Amino acid sequence: MGTRQESAFEMVLALHRLLRSLRRASPTRGLQPTQLIVLSLLTEAGPSRVGVIAERVPCSQPTATTAVAGLEKLGLVRREADPTDARATHVAVTEAGERALRGVAYGETEALLDRLGRLTEEEADQVLGSAALLRRLADSGR
């Protein structure tokens, strides 16, 4: 492996470990990672069909359907008539869903801030400064 490939590999492993440890450090309210991603997508993009959710997560349509069903049972999303196709439905996040997502995100934020406190101020600023770039990378996969 070349230097850039090794660095990319190390970053992928580090990101997985960081996200997993942040999830463990914060109460997830019983929500699975896919459900959290679905809530986040619906909060950002608005109501969507299950097929669109599956594409954007990304996951299979049955996985998206299962995630949505679980969220619906908890009252965190609701199904609405698709305004462009009476045979189809959209899935929309509820106020309770937005609150649940914020609660999980704030808990993970607190855990991240605790860890950033163990770095120098310059190192913490470097990590936080990479957020916009990481977001661009995440969004470029769509």
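The values are calculated or read from the model by the stated rules, or taken from the named source; none is laboratory data. What you see is a predicted model; the values in this text were computed from it and never measured. With ideal geometry, Cβ positions are generated from the backbone for all residues, glycine too; neighbour counts draw on all protein chains shown. Side chains are part of the model used for accessible areas, which takes the heavy atoms of the whole protein and leaves out ligands, DNA and RNA. Shrake-Rupley method; radii C 1.70, N 1.55, O 1.52, S 1.80 Å.
Taking every alpha-carbon pair under 8 Å whose residues sit at least 6 apart, the chain reaches a relative contact order of 24 percent.
Amide hydrogen proximity for V77: with H placed 1.01 Å from N in the peptide plane, the residues at 5 or more positions away or on another chain lying under 5 Å are E72, T94. With R₀ fixed at 35 Å, the C-beta to C-beta distance from V12 to R87 puts the FRET efficiency at about 0.30. Just the protein heavy atoms count here, and of the accessible area of the chain at 1.4 Å, carbon and sulfur take up 55 percent. Label positions at R136 and L19, each projected 7 Å from the Cα along the C-beta direction, are separated by 2.0 nm.
Taking 0.36 nm per residue of separation and subtracting the current Cα-Cα distance, fully stretching the chain between S60 and D114 would add 15.9 nm.
With the cut-off at 1.5 for a/c, could you classify segment 1-131 from its C-alpha gyration tensor as rounded, prolate or oblate?
Working: a/c = 2.63, a/b = 1.77, b/c = 1.49.
Cα axes put segment 1-131 in the prolate bin.
Largest GNM mean-square fluctuation across Q61, Q35, Q126, computed for the chain with C-alpha springs under 10 Å, falls on Q126. Projecting the Cα atoms of S21, Q61, T94 onto the dipole axis of the chain, where Lys and Arg carry +1 and Asp and Glu carry -1 at the beta carbon, places Q61 farthest toward the positive end. Computed from the C-beta positions of V52 and E123, the FRET efficiency with R₀ = 25 Å rounds to 0.05.
Given a Förster radius of 25 Å and the C-beta distance between R4 and Y106 as r, what FRET efficiency does 1/(1 + (r/R0)^6) yield to the nearest 0.05? Approximately 0.10, to the nearest 0.05.
Can you give me the relative contact order of segment 1-69 as a percent, contacts being Cα pairs under 8 Å and 6 or more apart? The partial results should precede the final answer.
On the way: 25 pairs, mean separation 17.5, N = 69.
25 percent.
A simple spin-label model places pseudo-atoms 7 Å from Cα toward Cβ; at T28 and E44 they are separated by 1.9 nm. The residues of the chain have, on average, 68 Å² of accessible surface per residue, using a 1.4 Å probe with all protein chains present.
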